[in-house]
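The block underneath contains the structure these notes are about, expressed in structure tokens.
The values are calculated or read from the model by the stated rules, or taken from the named source; none is laboratory data. This structure is a prediction, so every number in the text was calculated from the model and none was measured. Reconstructed Cβ throughout: ideal geometry from the backbone, glycine too, with neighbour counts over all protein chains shown.
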């Protein structure tokens, strides 16, 4: 194994190793935590108001004295604290949703570039037809999968609330299109490895597990259900990338093993 080939294989392993930092698998319950905290805080405040009425601090009527009673004021304080904490968690979730999209897309582009460079080095004068396809897919990724600023989008949603729907839209759409490209990438890579005489090929990756989601339909269902459908939408935005990342780790291990087998065989 010459030094260039060894260096390229090491870079592939390096970018594979980076997945633990870039491919954040978010707990499914985390995006729902802000709403849960807000509800708990509200009912805590309501309970304190009812407790004030029951303990005789004020008459059992809604009045300024009821709101200002010591127990009710404590309940409002608890509601305020949980609301602030919920807002902070919500900002964190939005940031991680967008940043993990950016980080994953950037990492795999670099990973694929190293793979193509390595294949070009191994193939020398015998260039498999699939190499051109791999190059084309990487270029398409570089054009289509541009970075989206998490900070800017968070600020915009605080100014114009309904832009949250657009964030939901591009997160669903971008991962769907990304997975289609990766499906073609995996198929072409297996073809190239086979043409180069590899005795091992990556197991067929199901890079088409993310369904195409209709944003207009989802918005309509959200409005018809008075926001309840948003819970499912949030679930998909969290779950789809999680499943993609898990599959990616398995596939990358397979590909590296196939590369090592191919290189060992070609230098034996």
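Here is a yes/no grid of residues against (1) assigned to a helix (DSSP H, G or I); (2) surrounded by 12 or more Cβ atoms within 10 Å (Cβ to Cβ); (3) out of contact with any helix residue (DSSP H, G or I) (no Cβ under 7 Å at 6 or more places or on another chain):
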| site | (1), (2), (3) |
| --- | --- |
| 210 | no, yes, no |
| 218 | yes, yes, no |
| 221 | yes, yes, yes |
| 226 | no, no, yes |
| 234 | yes, yes, no |
| 237 | yes, yes, no |
| 241 | yes, yes, no |
| 254 | yes, yes, yes |
| 262 | yes, yes, no |
Counting only residues that are over 30 Å from residue 233 (Cβ atoms), in contact (Cβ under 8 Å) with a residue 40 or more places away in the chain and not in a loop (DSSP other than H, G, I, E, B), segment 1-29 contains a total of 9
Return yes or no: is residue 129 touching a residue at least 12 places away in the same chain (Cβ under 8 Å) and buried (at least 17 other Cβ atoms within 10 Å of the Cβ)?
no
Can residue 171 be described as within 21 Å of residue 101 (Cβ to Cβ), touching a residue at least 12 places away in the same chain (Cβ under 8 Å) and surrounded by fewer than 19 Cβ atoms within 10 Å (Cβ to Cβ)?
no
Write out, first by first residue and then by second, each pair whose Cβ atoms fall under 7 Å of each other, whose residues are 6+ apart or on separate chains, and whose first residue, in segment 221-243, is in contact (Cβ under 8 Å) with a residue 60 or more places away in the chain while the second is surrounded by 13 or more Cβ atoms within 10 Å (Cβ to Cβ) and assigned to a loop (DSSP other than H, G, I, E, B).
236/213; 238/26; 240/210; 242/25; 242/26
Output yes when any residue across segment 139-158 is under 20 Å from the mean Cα position of the chain (by Cα), surrounded by 19 or more Cβ atoms within 10 Å (Cβ to Cβ) and more than 21 Å from residue 91 (Cα to Cα), and no when none is.
yes
Is it fair to say residue 176 is exposed (fewer than 15 other Cβ atoms within 10 Å of the Cβ), at pLDDT 95 or above and closer than 15 Å to residue 237 by Cβ?
no
Any chance residue 59 is surrounded by fewer than 19 Cβ atoms within 10 Å (Cβ to Cβ) and at pLDDT 95 or above:
no
Return the residue satisfying two criteria in turn: it lies in segment 190-208 and is assigned to a loop (DSSP other than H, G, I, E, B), out of contact with any helix residue (DSSP H, G or I) (no Cβ under 6 Å at 6 or more places or on another chain) and within 24 Å of residue 245 (Cβ to Cβ), and of such residues it is modelled with the highest pLDDT.
204
